[in-house]
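Take a look at the structure below.
The values are calculated or read from the model by the stated rules, or taken from the named source; none is laboratory data. Predicted model only: the values in this text are computed from it and were never measured. In this analysis, Cβ positions are derived from the backbone assuming ideal geometry, glycine residues included, and neighbour counts consider all displayed protein chains. Surface accessibility is based on the protein's heavy atoms, side chains included, excluding ligands, DNA and RNA. Shrake-Rupley method; radii C 1.70, N 1.55, O 1.52, S 1.80 Å.
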Amino acid sequence: MIPAHIEEKLRMFREETYEILRDREQTVLKEKNKEGKACLSCTAQGELLIFVIPEKYVCPYLDGDVKGNKACADKFLFRLDKESKTWDLHIIEFKKTINTSSIGKSQWQFTMGIYNARGIAGFLGMEIRNIYLYSGFRNDKLAGEQPLIALRANNNREAIGKIRQWKNDRYELKVDEENAVFPHRKIPLDSEGNGSISI
């Protein structure tokens, strides 16, 4: 069960901003933005605290006039480890198409998502143990070897690095001025944006 002190603090949050799932319960995570419209069926593998619209509630102290300051990933899912009483943070970002440009944008949204999720966790008194990143997508323009070959020919090291990270299921992000590597999982969606996941 989610600790009582956390449930008590959650009563201060707007009800539409979060959802609690018990072990094996399901919900549908929806994204309405046309860049990443999705409908993801999610099954809990333990106690889950889900923030369903974090991009609408980023830290209000950030200057929204500076490009990228209000960027944020689409979903935060905190899963409780009952033994250690710590939480694993799972961050999901939806994109219609994966290419080197969308990877760069996603990586910044993940970085800002980590900062915002840590703010929520700090308020609720939750210790984050591990962070996992997920990309839900319909089209993968980086599948196969052709994109990598073309970029090598143009000597585009930055794009090659993004493709390698995508293919190796890990993203390197700069968090608190340090480079950190996070596990990254791909969530293929059908042509309508539907898919499923267990966390």
Requested in this report: Please identify the pairs in which a residue from region 138-167 that is on the phi > 0 side of the Ramachandran plot and at pLDDT 90 or above has its Cβ atom under 8 Å from the Cβ atom of a residue that is part of a helix (DSSP H, G or I) and of a type in the set (Lys, Arg), counting only partners at least 6 apart or on another chain.
Outcome: none
Query raised in the report: Within region 121-131, can one find any residue that is open to solvent by less than 20 Å² (accessible area, probe 1.4 Å), at pLDDT 95 or above and touching a helix residue (DSSP H, G or I) at 6+ places or on another chain (Cβ under 6 Å)?
Result: yes
Query raised in the report: Can you tell me which residues in region 1-26 are exposed (fewer than 11 other Cβ atoms within 10 Å of the Cβ) and touching a strand residue (DSSP E or B) at 6+ places or on another chain (Cβ under 7 Å)?
Result: Arg24
Report summary line: The condition from (1) open to solvent by less than 50 Å² (accessible area, probe 1.4 Å); (2) in contact (Cβ under 8 Å) with a residue 24 or more places away in the chain that Trp108 misses is numbered (1)
**Report entry** Selection count, region 114-141, where residues are part of a strand (DSSP E or B) and aromatic (Phe, Trp, Tyr)
**Finding:** 3
Query - Near pairs, Cβ below 7 angstrom, 6+ apart or cross-chain, from region 11-30 (free of Cβ contacts under 8 Å to residues at least 24 places away in the same chain) to any residue that is outside any strand (DSSP E or B) and open to solvent by less than 60 Å² (accessible area, probe 1.4 Å) - result: Arg24/Ala44; Glu25/Ala44
Query raised in the report: Say we look at region 111-120 and pick out the residues that are open to solvent by less than 10 Å² (accessible area, probe 1.4 Å) and β-branched (Val, Ile, Thr); which of these is farthest from Val58 (Cα to Cα)?
Result: Thr111
